[in-house]
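First comes the structure, then the notes that go with it.
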Amino acid sequence: MTGVLEGIRVLDFGRFIAGPWCGALLADMGAEVIRIEKVDGGEDRGMYPLGEEDITGAMFVQCNRNKQCLTLNPTKPEGRAIQDKLVATADIVIANMPPRALGQLGLDYKTLKANKEDIILVTATAFGTMGPYATKVGLDSVAQAMCGNMYISGTPGQPVKSFSPWVDYATASLSAFGAMAALRHRDATGEGQEVQGALLASALATTNALMIEQHVLETDREATLNRGQIAAPADDFKTKDGHIFVTSAGQPMFERWVELMRADGGDEDHWLTDPRFKDDVTRGYNSETISDRMRDWCAKRTTEDALAQLAEARIPSSPVLSPRQALENEHVRESGMLRETTYPGVTKDIPIVATPVRLTKTPGEVRTRPPQLGEHTDEILGTLGYSKTKISELRTARIV
């Protein structure tokens with residue numbers, strides 16, 4: 001099947017997640033993506049290493065499927081010449097670096113445009129390009145801290161960061177969205193442009209409702225750990241043999257929850273008559289009381305039994321799974337959300353998440369495993385007119 005981005009060439013100078021995952025999404029959709037890496041490998045290649053001898057790690061494997069890899073040192077003149085030749089053949093350049101680094105490497109938009117008039121540059125910085133923090137560096141955790149998420153996710157006096165780097169993945173996804181929009185604009189006008197992602201902007205998009213509420217009503221919400229604040233029940237609960245998460249929203253769902261509690265015995269009418277629980281807003285403000293009742297209900301049941309009864313009542317719930325359990329979960333296994341790939345030196349097949357948005361006519365595909373360091377250097381340089389002898393000289397000089 002032909003990908004919707006077939007014929008689009010992307011140069012991926014990305015590091016860690018925000019750049020590489022953007023490139024992976026474009027590659028899934030059919031683009032030819034060339035990861036351009038330091039001669040000795042990028043800092044992100046070894047994150048969560050999969051073996052003792054190979055430096056490649058799990059995060060690299062996920063974020064760099066469907067790509068080729070060229071090693072290059074663009075700080076040397078011959079390396080910059082190779083980079084310029086590549087840019088002249090490209091449609092998109094991805095570089096999640098601070099503006100200063102972009103300028104030093106000749107990857108700023110002005111320089112790229114002088115080389116290729118209609119080039120699209122996709123950047124991702126920590127704080128954006130305007131404001132007093134524009135020149136500061138930062139990572140996912142910094143954006144989590146600044147957007148209010150850490151403060152409201154923990155407990156009073158103890159902010160909690162999400163272990164998963166969701167800001168990086170959100171920024172990568174939004175950057176891929178921006179790149180697709182820029183391609184659409186280029187097709188219509190012939191103009192390239194710079195697509196500017198920012199970790200803090202991505203993070204603020206997820207906490208904006210809290211900020212709006214704070215500005216208008218000055219609510220000064222405090223953290224309640226896993227317990228929700230805008231509806232109830234919404235919390236994690238311990239069962240006889242594990243933990244589950246239950247969440248509710250809207251009056252019909254709450255009424256079904258009341259019926260479930262009523263079936264457990266006892267007088268439950270007050271949930272529907274007490275003004276503290278009249279709607280989602282008031283239930284959110286009094287969620288601890290509802291969580292206490294749900295906690296008692298869950299404590300008398302196994303995870304399997306609790307989830308079965310909640311499913312029967314059509315109340316959203318799920319087990320709280322470890323990474324091992326998530327891999328073994330029947331829905332995860334059978335839903336098609338994971339694809340298996342291989343990698344040299346890794347003895348097991350590797351489960352890689354499939355393109356996380358499914359198109360029914362032109363779906364993304366995991367076609368090839370992630371590349372080894374410099375695996376396609378000779379092939380790519382050959383297409384630029386470099387002879388085998390010249391490539392050997394460049395490798396000896398550590399240009400590639």
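Worth pointing out:
Here is a yes/no grid of residues against (1) closer than 21 Å to residue 44 by Cβ; (2) basic (Lys, Arg); (3) surrounded by 14 or more Cβ atoms within 10 Å (Cβ to Cβ):
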site	(1), (2), (3)
125	yes, no, yes
129	no, no, no
144	yes, no, yes
154	no, no, yes
159	no, no, yes
164	yes, no, no
178	no, no, yes
203	yes, no, yes
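- Subset of the range 12-44 (residues that are surrounded by fewer than 24 Cβ atoms within 10 Å (Cβ to Cβ) and part of a loop (DSSP other than H, G, I, E, B)): 15, 16, 29, 30, 38, 39, 40, 41, 42, 43, 44
- Out of 314, 333, 276, sole residue that is loosely packed, with under 14 Cβ neighbours inside 10 Å and touching a Leu at 6+ places or on another chain (Cβ under 9 Å): 333
Okay, residues lined up against (1) within 30 Å of residue 228 (Cβ to Cβ); (2) among the acidic types (Asp, Glu); (3) touching a Gly at 6+ places or on another chain (Cβ under 8 Å):
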residue	(1), (2), (3)
84	no, yes, yes
102	no, no, no
107	no, no, no
120	no, no, yes
130	no, no, no
151	yes, no, no
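- Some residue of the range 48-56 being more than 19 Å from residue 192 (Cα to Cα), under 17 Å from the mean Cα position of the chain (by Cα), assigned by TED's automatic domain parsing to the domain that holds residue 164 and charged (D, E, K, R): no
- Residue pairs meeting the criteria (Cβ under 7 Å; at least 6 apart or on separate chains; first without any contact (Cβ under 8 Å) to a residue 40 or more places away in the chain, in the range 164-185; second surrounded by 20 or more Cβ atoms within 10 Å (Cβ to Cβ) and not in a helix (DSSP H, G or I)): 174/197
- Of residues in the range 288-305 being over 14 Å from residue 233 (Cβ atoms) and among the charged types (D, E, K, R), the one farthest from the chain's Cα centre (by Cα): 300
- Of the strands (runs of 3 or more DSSP E) entirely within the range 308-400, those holding at least 3 residues that are aliphatic (A, V, I, L, M) and in the same structural domain as residue 38 (by TED's automatic domain parsing) occupy 350-353.
The values are calculated or read from the model by the stated rules, or taken from the named source; none is laboratory data. Remember, predicted model here, so these are calculated numbers, not experimental data. Every residue, glycine as well, gets a Cβ built from its backbone with ideal geometry; the counts of neighbours run over all protein chains shown.
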